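Okay, so here's the structure we're looking at.
The values are calculated or read from the model by the stated rules, or taken from the named source; none is laboratory data. Every value quoted in this text rests on a predicted model; they were computed, and no experiment measured them. Cβ placement follows ideal geometry from the backbone for every residue including glycine, while neighbour counts extend to all protein chains displayed.
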Amino acid sequence: MNILFLLIIIPVLTIIGILFTRDNKQVRVVSAIGMTFQLITAAVIILWFLAERNAGNTAEILFASNYVWYETLNIHFYIGVDGISVAMIGLTAMVIFAGIFASWQVEDLPREFFITLILLSAGVFGFFISLDLFTMFLFYEIAVIPMYLLIGIWGSGPRHYSAMKLTLMLMGGSALILVGLLGLYFNSNPDGGPLTFEILEIAKVQIPINVQLFFFPFLFIGFGVLGALFPFHTWSPDGHASAPTAVSMLHAGVLMKLGGYGCYRVAVFLLPEAAHEMAWIFLILTTISVIYGALGAVWQKDLKYINAYSSVSHCGLVLFAILMFNETAMNGAIMQMISHGIMTALFFALIGMIYGRTHTRYVNEMSGLMKVMPFLAVAYVIGGLASLGLPGFSGFVAEMTIFVGAFQHADTFHRVATIIAASSIVATAVYILRVVGMMLLGKINKPEYEMITDAKWYERLSAGSLIFGITAIGIAPLWLSNMITKGLVPIMEKLLAMN
Amino acid sequence: MLILIMRHELLLVLITVILLLVEIFLPADRKQKIILPAIILFGIVMILGFLPGPTGTLFGGMYITTSLTLLMKNILTVGAFIVLLQSVDWLKKEENKDKISEYFLLLFSTLIGMEYMLSSGDFLMFYLGLELATIPVAALAAFERFKEKSAEAGVKLIFISALSSGILLYGISMIYGTTGTLYFDGVVNGIDGAPLQILAFIFFFAGMAFKISIVPFHLWTADVYEGAPVNITSYLSVISKGAAVMIFTILLFTVFSKITALWEDVVYITAILTMTIGNLFALRQQNLKRFLAFSSIAQAGFIFLGIIGQSQLGMTTVIYFVLVYVFSNLGAFGVVSVIANRTGKENIDDYDGLYRTNPLLSLTMMLALFSLAGIPPVAGFFGKFFLFTAAAEKGLYILVLIAVLNTIIALYYYLLVVKAMFLNRNDMPIEHFKSDGYSRLGLALCVAGIVIIGIYSPVYEFINQLTFGIN
């Protein structure tokens, strides 16, 4: 049996297991066991994948399984992974694992909470392993819809509004994607043979340039909505701020990466000529995303809003790098997805834990927390340093690669865009250091904060696993970037053939 | 055996007569006893319908049975069976106790009418079937005649039916006048796009548009749906509508296949109008029956996307979508019916906090609404996706874009109901209750259909085999 099936089966089994639990404790234990297995499976997949590659297996896709689903329309259930999807699987497994422990204290309808959360993760896993556009789209929507319930039921603040806004905007994006997918499908076989949704088959077809130009915006904007492309990012701050901790983690950490991954794997890979033609429009938009997100974060006082805007900025950088069309930048884009995924999940987890203790998320209402909760404070500092790109952490590796790649374009337009985007690092440093300074250092400003206890074991586990990820990538990035580079070969061939 | 060709209709006539006879001899205080036998008999008819049987023509081509018509009839009987299950609780109410068998008789008659309509080989049979399918429904809509709204619904429905039948007949008469025949086979060859035939087609289209409630012929729908008892509303919006949509599609694909250029534009425009206006009106509804009425208008607009494809893919998808729609809409109506029977509440904000008291009902409702909205992995997603595919096959990407944007509007109002059930808190929610066994069986069938039909692709492939060569 294909090991990738486990990525879908384990969540489903976990959900069934949760249905048979009796109390909160059992729900948590079952979820934790399930997602631990999921993490182990993901680790095995990564190691196995690397072993296969080392053994000289150069097939484009490993662990492939292809079944006919709807024969008439030639829809297949086709799964398989390359270096990039393997990396994304690892990220997802890590974030959902940490997410389960970060939501250890959900009291209201815990069973439903964990079921919906795990269902969402199943959708994400399915998306990353799909090689057929139809199943990919199906899993995409499975990953989006549970957000509505998760934010709406367990969220805080204006949760009803945020949940509805987020769901409708993301589904609006998926509506655009749908039109784009149908366009790809009906142009997938110009010689009149059977049409197909298979990504690898469509990639071999030379789609006429006017068709490409028509459908590229649908796909890129459609996925871009989820990747927080300016001006379609407005769901993100509201959504993240209202969502419960684990959902923010999963959403910023993984779900937004679906957008970047889709832009890369579907829009740019399948419609390269149009991507090349129209890149300048989207480059401007992504540059705005990057700088606007960073400046937005500077202005915010609410921890979650700060992090949400920072996510807009970092995810904008992903799309920015994809549009550079060279190997270095694309490599950086994927690295950035992984790095930001873990980092932002860590941030949201910590924010949830801090909020649980201080009952406020406003930076200016907290002070001197380092003294009472050293573990959480140090973890926050580590996340912050990774976010502003300090060497030794994952953020540095990713952003450095992106900017080096982007700067390889010698023309003024790309250079200017790169410089503007790179200046966001300064803004990042401002908002990170400001939060650290105001919230963690200084004197304790309220007497009740003296009573605060440091992280519990499950919180340590949650944050610790993510910190491990950040530093592991920061210290030893080569295995990851090698894996990604090999995965980039097909798209680079297409892009080079074009010039 | 020639008689087996007509077995669906004959069996239904048989059980109708049996029920009529039993009704005569049943003492007044034991009328309720007829419910279970009636349902069992109908269940047997339903199962017999699935057995393989002969196909062919009768009465010199007036009556045609093909594998496709058999399938369509089976879809309708399954739907009607679920409606019956859902109405038991309501029939047992005190005020309905003296007219239980009438309910079955009227409902079976309409079903017989629809089956003749689906099997028709000429316009006369088609019209007879259509009338038989319509008139008893008006009586059913006025079933709770002591309620003003129900009586009003019945009267409205009969007037609208008469009007639309008149328009339809006028169109048919002009078709007869220009082609000299009523047989579909003959009419196909006679239609060449002459001005009078175009007029005839417009009358025919308008008449059918009333029945399917296509914008701008939809105005009767909301009032009738709101006034009629819930189960009749669900019957009207699912079974009646499904039957009319299917025969309409077949007629467009076969009889009017020579003037596709003409009806393509008409369908294009009405599809956009129907989706958009249906959706926009649904946004503001508080009463769930009205809400579902407008949502079902919008759904009809989506079905037109499959029709406009004019391909085998389109035909297959229309029938597939009707099948999906039967289960999804009956699921939603089933929940509304159960709650309305128990508590008399049918407004969206009455459902606030329903999940915390009645989790299973809420989950069923959510599943049904998601299927109507087209959210994976439930069946509605596949139906909608294939409808869009059918329209995209013709290159109508703008239409597809309008349609997908409409699904977002639709998602918004479906989520409003989900929001009420799951998100909203309520100090006095509908209390926990255990619904009756029949309703639960009906809802379970709906849930099974919603979940299985999409993921299990042989259903679609099976329909696709039957639609081969229809256009």
Single residue of the stretch B:396-407 satisfying the filter (under 23 Å from the mean Cα position of the chain (by Cα) and of a type in the set (A, V, I, L, M)) that is farthest from the other protein chains (Cβ to nearest Cβ): B:A403
Restricting to the stretch A:464-489, name every residue that is within 30 Å of A:I202 (Cα to Cα) and out of contact with any Leu (no Cβ under 8 Å at 6 or more places or on another chain). A:L480, A:S481, A:N482, A:I484, A:T485, A:K486, A:G487, A:L488, A:V489
The one condition in (1) within 20 Å of B:T221 (Cβ to Cβ); (2) in contact with a Phe, Trp or Tyr (Cβ under 9 Å, 6 or more places away or on another chain); (3) among the small types (G, A, S) that B:G301 fails to fulfil: (2)
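For the stretch A:64-106, enumerate the residues that are of a type in the set (S, T, N, Q) and modelled with pLDDT under 85. It would help to see each step written out before you state the result.
Of all residues in the stretch A:64-106, those of a type in the set (S, T, N, Q) come to A:65-66, A:72, A:74, A:85, A:92, A:103, A:105.
Hits for the stretch A:64-106 are A:T72, A:S103, A:Q105.
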Residue by residue through the stretch A:119-133, note down the ones that are assigned to a helix (DSSP H, G or I) and either buried (at least 24 other Cβ atoms within 10 Å of the Cβ) or under 16 Å from the mean Cα position of the chain (by Cα) (or both). A:L120, A:S121, A:A122, A:G123, A:V124, A:F125, A:G126, A:F127, A:F128, A:I129, A:L133
Can you tell me how many residues within the stretch B:271-280 are within 23 Å of B:G207 (Cα to Cα) and surrounded by fewer than 21 Cβ atoms within 10 Å (Cβ to Cβ)? 4
Need at least 1 residues that are of a type in the set (S, T, Y) per element, so show me which helices (runs of 4 or more DSSP H) inside the stretch B:91-192 make the cut, counting only ones lying wholly within it. B:100-118, B:123-141, B:148-179
Can you go through B:S213, B:S257 and tell me which one is over 30 Å from B:A340 (Cβ atoms) and touching a residue at least 24 places away in the same chain (Cβ under 8 Å)? B:S257
Could you please find all residues in the stretch A:150-168 being within 20 Å of B:I409 (Cβ to Cβ) and facing chain B (nearest Cβ under 9 Å)? A:G152, A:H160, A:A163, A:M164, A:T167, A:L168
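Please give the helices (runs of 4 or more DSSP H) falling wholly within the stretch A:188-280 in which 1 or more residues are surrounded by fewer than 18 Cβ atoms within 10 Å (Cβ to Cβ).
On the way: elements: A:199-204, A:209-226, A:235-242, A:245-250, A:256-262.
Answer list for the stretch A:188-280: A:199-204, A:209-226.
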Residue set B:G113, B:G43, B:G49, B:G56; condition in contact with a Ser or Thr (Cβ under 9 Å, 6 or more places away or on another chain), among the small types (G, A, S) and farther than 18 Å from B:G242 by Cβ; output residue B:G56
Only one of these is of a type outside the set (D, E), buried (at least 20 other Cβ atoms within 10 Å of the Cβ) and at pLDDT below 90: B:G121, B:G113. Name it. B:G121
Complete set of residues in the stretch B:408-426 that are touching an Asp or Glu at 6+ places or on another chain (Cβ under 9 Å), more than 7 Å from every other protein chain (Cβ to nearest Cβ) and not small (G, A, S): B:M421, B:N424, B:R425, B:N426
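Could you name every one of the helices (runs of 4 or more DSSP H) located completely within the stretch A:289-407 that has at least 2 residues being farther than 28 Å from A:S103 by Cβ?
On the way: elements: A:303-322, A:327-358, A:369-372, A:374-387, A:394-407.
Ranges flagged: A:303-322, A:327-358, A:394-407.
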Any residue at all in the stretch A:84-100 that's in contact with a Phe, Trp or Tyr (Cβ under 9 Å, 6 or more places away or on another chain) and within 14 Å of chain B (Cβ to nearest Cβ)? no
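Would you check if there is a residue in the stretch B:370-389 being touching a helix residue (DSSP H, G or I) at 6+ places or on another chain (Cβ under 9 Å), within 19 Å of B:N426 (Cβ to Cβ) and within 11 Å of another protein chain (Cβ to nearest Cβ)? Steps first, answer last, please.
Pass one, the stretch B:370-389, residues touching a helix residue (DSSP H, G or I) at 6+ places or on another chain (Cβ under 9 Å): B:370-389.
Cutting the leftovers down to within 19 Å of B:N426 (Cβ to Cβ) gives us none.
Within the stretch B:370-389, not a single residue is touching a helix residue (DSSP H, G or I) at 6+ places or on another chain (Cβ under 9 Å), within 19 Å of B:N426 (Cβ to Cβ) and within 11 Å of another protein chain (Cβ to nearest Cβ).
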